[in-house]
Structures are given as structure tokens and as C-alpha cells.
Amino acid sequence: MTGSNITDTDRKSDSPEPFASRVVKSRHTKRVDFIIACVCLLLIIVCLTPMLNIFARSLSSSQALINRRVFLWPVDFTWESYQFVFKDASFSRSMIWTAFLTVVCTIVSMIMTVLCAYPLTYGNLKGRQVINTAIILTMYFSAGTIPNYILMRDLKLLNNPLVLILPGCLSVFNMIVLRSFFYSIPESLRESAELDGANPLVILVRIFLPLSTSVLATLALFYAVGRWNGFSDALLYMTTPKYAPIQLKLYQIINNLSAIETAQNEGIAAAPMASEGLKAASVMFATLPILLVYPWLQKYFIAGVTIGAVKG
Amino acid sequence: MVRTNPIRRRSGVSYIRKTWMLYAMLALPLAFFVIFRYIPMTNIVIAFKEYNMFRTVWSAPWVGWKWFSKALGTADFFNALRNTVTLNLLDLAVGFPAPIMLAILLNELAYRRFKKLTQTVVYLPHFLSWIIISGLALQLFAPNTGLVNMALAKIGRAPIHFLDSSRGWVPTYIGLGLWQSVGWNTIIYLAAITGISTELYEAAEVDGASRLRKIWHVTLPGLRPTIVTLLIMSLGRILGSEFDRPYAMRNSLVTDVADVISTYVYRVGIRSNQFSLASAVGLFQSVVCVFFLVIANSIARRSGERGIW
């Protein structure tokens, strides 16, 4: 505690050591600091090992894998597995389709989220309380798998690509995050724009959106990651292999299932086994986009989560 | 700009002129909530009806509690119920205290750069889908060629069947859950710790409090409201079940421990077309969840905490 608190207040001073403090630390305190750092290092290792392992396996020859020689570094380095994945036209098509889907979903979701959050920040809007409650309630009560499935069937959305876009296009949690941010924009800005004769849409586009770019970026990334990682909606509603998103495809590959088998039953069938290296490469492909956006993601998400937690 | 209308009285006409646009904006989101969230709720009635593919929800005849008693009469349902409760309780026992401890640990970490790095790394698994995680796990824990069993073999231990035996599956499931969520769940506690007044720590320091005492008497009490709120929400979910996680990690060798209510509903409802039976089970689950949430909340409020409503 001592260390971190004092460094926090001293952040601006140009001390050579980031943790230098006015209080001279006892040897005991230093030892405890060291132990804590070791525990954290261990955590980092535990977090990264599975990913390093799969990376190594995806770049090793199948012989090395079978001979149990691959630990955390590629053995008999080869691009073989990646070439196999590329050769599987259905996999690369699924990657492209999911990327497209992710972009469309993110755009639709952002529009919906803004359209929902913004009007609800007007305190004098009649019916606001009722609408608010009705929206929050859906966080706690949902119809359930089967009633939703029947709805999709009745709406003729089964096996329709729209089913991967529409039912999840507005997250209440994200909407609350955005609304909380909108609340933090000074009321006086809106009032002076109103006096200048601006209508709500102009105020939204000219004032609110430009001021909340960081939150909008966070939410867009949340939606994008959510769509990229989405699995159960595809499993339930999408049996056309052509429109199978990447997670469904990956599920079939790692469990040695062909597309039809997933649709029909869930036992492990005797489909031709994908090699371990190919599975590793497929997992790498599906993970890569997440790793690519992660640096941006983690720049913003903490603020998003804490806002949502306070208001939700 | 010319001020066209400096003071607007809230008369009816001007109210509509001012706000029609807002209602227009809300139209799409509201349509979304009605169509995709509220209308399906009406389909819940099939839990009390003899519904099949050839009937509509409304034309199907009422059968009362038939499906509930049918579900209660099958071993499969009880297996799923038992597994759901067991896995959730284990998740709670392991996964609830862990982020609190990790948050305190991170807060005690003296090296700022290293703290940032640790946070960056431990948050990452939260963004991986359960399909990806199960892919990682299948490779990592493979009985023959997996890293963990190869390491065990190096130290002369017999391979452990982490994912394809019932005994190994449960701890692996819980462990992977922890791996995925522990870092992410510290965020909220770390935010709460930042909110604790530094004066309290300084006062404790003056009184000669040790590090451990400061954690016990300042940090933990400061975290209490957050802990209680999150505990209520976890207790409310004790019968809830995720779908992706058990579904991605299960296989035919471990259905006795891995089949939870959500996967049971999927199997019975979508795969075997017993829509009414599966809806009844789903409804049972939702009702129990709400019940637990209300109970947990009222206990919290009675013991002087804030509760979640």
C-alpha cells in the first residue's frame, strides 16, 4: 500500500525508479514486494502458456507433435498447417463472411445503441421512465431458448443471414454505458444549442457524438468482439454451412465434426480427423483478429466497465 | 446566429415540436425490444401446451403442468439440474473470492509498469470465445501429446484425463472458468479500491498498522459494498447456466457431469423437437433464478447492505 499510494501522488516528480518513495522501505517490505511480483509473474505465465503452446503447435510438423516434442516453441518449423487451413475453402470463406458480418453488425448495433441512449437522456421526455424500466427488465428476464427459437421460425429468420445480425443488435449493457457517458456532457451545451435553434438530431450529431468518440470506439469494439466470438445463435438458428460463422466452423474442426453432423447430432462421429496441427492453426486464425484489436480494446474498456457497473 | 425562440413555454404544441424527433429515434430500438425481447415471452405459454411443429403457439391445446411433471420424472433432467448447481457452486466458491484476492494483490504490487503489464495480460482471456478456449484446452490437456501431460510424464507421473473423464472434467471446467474471468473480474474491485480514501491508509499508518492489517481493516471494508452486490448477483445465477462454455467443453464421455440445464434444453428442445418439454424446463430455471435473486437481495438489505434494487 505504502509504495503504490505514495508513488501515485509523486507521479509527476522525476524519480528514476517508478516506485521510489519518500519512505525508506524496510527490508521486510521489499521482500514482500518481491514475492507479490513473483506471484504476478506466475499469473502472466499461466495466462500466456496455452496461447504460446498452440502457437508452437501450429508451426510444428505433425511428426514432431506425434513424437511429443513440442512444448512452447515450434519444432521442425513448417507452415504446413496454415497452408492446409487456407486450402480448406470453407474455412477461409467462413473467415471472410464472419469479418463482413462483424462489420455490418457493429454498424447496425452502434446506430441502434445511439438511437436508444440519446433520447433517454432528455429528462423531460414523457414516458421515459416507463421505457427505461421496460428496457432494464430485459436484462433480468429473457424468454428463453425455445421461445426465442419459435420466434425466429415464425419470423422466417431461420437460416437467414439476418438472424445473426438482428436479434443481438442492441445490448442493454452497452446502451447504459453510452447513456451514462451522455449524462456526463454538460447540460448547458445542449441548452445553448437549443437556444440557437438546433434540433435534437443536430445536437446529437454536432455535439454529443464528437464528444464521445472514445466511448463509441469502446462500444464498437465490444460489439465487434461479441459478433466475432458469437457461437450459440449460429448453432441454434443457422444450419446453412455457407453462412456458418467462424466459431461454428472452428467448433466443428476441433471436435472432428462435419457440418451436417453438428446440425444433426452432437456425438463425436468418425469423420476424417483433422490433424492436431491443423486444429491449432484454425484456433490461431480465429484468435488472431481478437489479438489484433486487443491493444485498442484495452485502452478503453476499463472506463466502459466501471461506468456500466456503477449505473447498471 | 439569431435567437429565434429564446424562451419556450412547455405548451403541448411546442413539446411535440421539440420532442417528436426523439420519439422517432426511439422507434427502432423500441421495435427491437418489443419484437426480439417481449414478443418471444408470449411463446412461453407452450410450456403449458401440447405444442409441435405443425401447430401454432395459439392453436395448441392446453395441458396444464404435464411437461413439468414429465421433466421431474426423468433422470436426465435431475442430472442436468444437479450438474448446474454443482458447477455453479464450485464456480462461486473458486471464482468469487479469486478476483478479490487478485485485485488486492495487484493493488499491493509496487512496480507500476509491471502492474500495467500484469493487468494487460490477465484481462486478455476474457476476450476469447469459449470455442477458442476449448480449442486451446483440448490441445493443452490432450492425454498423449498435450503440454501438461508431457510435463507430467517428464516428472514421471501418469497422464491425467483432464477433459475425457468425469473426474478430470469438473476441475478443468472450473479452472478454465477461473482462467478466463479472474483478471476481468478484478476491474470492478480495482475501481472500488481507487475510491477508498487515502486518509484512511495514512491514519492506519500512523497507528503503526502492518500491510496485512491495512488490507484487513481498510481495503476489505472499503470493498464490502461491491462484494455484497456482486455476491447477490452470483447467488441469483446459481441455477442459471451459460451455454457456450459447457457446450464447447463437453464431449460424449462426460455427459454425466457436463450436461447442464442450458445444454439439456438445447438437446431436448432443438435436437429432439420436444419444444414444450424444453420450454417447461427453461421456464422452471428462469423462475428459480428470479426467486434466488429476490431472496439474496432481501437478505442483503436486511443485513444493512445496499442490495441491487
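Miscellaneous remarks
- Residue tally, condition open to solvent by less than 60 Å² (accessible area, probe 1.4 Å) and within 10 Å of chain A (Cβ to nearest Cβ), over the range B:228-244: 5
- Any hit, the range B:274-283, residues being without any contact (Cβ under 8 Å) to a residue 24 or more places away in the chain and assigned to a helix (DSSP H, G or I): yes
- Any pair with Cβ under 9 angstrom, 6 or more apart, that starts in the range B:78-107 at a residue that is small (Gly, Ala, Ser) and ends at one that is surrounded by 19 or more Cβ atoms within 10 Å (Cβ to Cβ) and not in a helix (DSSP H, G or I): B:ALA80/B:SER241; B:ALA80/B:ASP259; B:ALA80/B:VAL260
- Residues satisfying the stated conditions in the range B:158-183, i.e. within 16 Å of B:THR255 (Cβ to Cβ), in a helix (DSSP H, G or I) and open to solvent by 40 Å² or more (accessible area, probe 1.4 Å): B:ARG167
- Filter pass, A:LEU120 being of a type outside the set (Gly, Ala, Ser), assigned by TED's automatic domain parsing to the domain that holds A:VAL293 and not in a helix (DSSP H, G or I): no
- A single entry from A:THR306, A:THR262 fulfils the requirement of being more than 8 Å from chain B (Cβ to nearest Cβ), touching a helix residue (DSSP H, G or I) at 6+ places or on another chain (Cβ under 7 Å), assigned to a helix (DSSP H, G or I) and modelled with pLDDT under 80: A:THR262.
- Meets criteria (assigned to a helix (DSSP H, G or I) and among the acidic types (Asp, Glu)) for A:ASP33: yes
- Any helices (runs of 4 or more DSSP H) falling wholly within the range B:30-132 and containing at least 2 residues that are surrounded by 22 or more Cβ atoms within 10 Å (Cβ to Cβ): B:66-72, B:75-95, B:97-108, B:112-123
- Scope the range B:120-163; condition among the charged types (D, E, K, R) and at the interface with another protein chain (Cβ under 10 Å from one of its Cβ atoms); matching residues: B:LYS154
- Test: residue in the range A:206-214 that is over 21 Å from B:ILE131 (Cα atoms), open to solvent by 20 Å² or more (accessible area, probe 1.4 Å) and over 25 Å from the mean Cα position of the chain (by Cα): yes
- Residue within the range B:211-232 that is among the hydroxyl-bearing types (Ser, Thr, Tyr) and either touching a Gly at 6+ places or on another chain (Cβ under 7 Å) or not in a helix (DSSP H, G or I) (or both) present: no
- Qualifying residue in the range A:69-77 (condition: within 9 Å of chain B (Cβ to nearest Cβ), under 20 Å from B:LEU136 (Cα atoms) and open to solvent by less than 40 Å² (accessible area, probe 1.4 Å)): yes
- As for the range A:144-159, it holds at least one residue that is open to solvent by less than 30 Å² (accessible area, probe 1.4 Å), within 19 Å of B:LEU30 (Cα to Cα) and assigned by TED's automatic domain parsing to the domain that holds A:ASP233.
- Test: residue in the range B:219-227 that is of a type in the set (A, V, I, L, M, F, W, C), under 21 Å from the mean Cα position of the chain (by Cα), loosely packed, with under 15 Cβ neighbours inside 10 Å and over 30 Å from A:ILE253 (Cβ atoms): no
- If you go through the range A:114-138 and pick out every residue that is among the basic types (Lys, Arg) and at the interface with chain B (Cβ under 9 Å from one of its Cβ atoms), you end up with 1.
- Count of the range B:253-304 residues which are open to solvent by less than 40 Å² (accessible area, probe 1.4 Å) and under 30 Å from B:PRO225 (Cα atoms): 7
The values are calculated or read from the model by the stated rules, or taken from the named source; none is laboratory data. Since this is a predicted model, take the numbers as computed values, not measurements. Don't worry about glycine lacking a Cβ; one is built from the backbone with ideal geometry, like all the others, and counts go over all protein chains shown. Please note that ligands, DNA and RNA were not included when accessible areas were found on the heavy atoms of the full protein model with its side chains. Shrake-Rupley method; radii C 1.70, N 1.55, O 1.52, S 1.80 Å.
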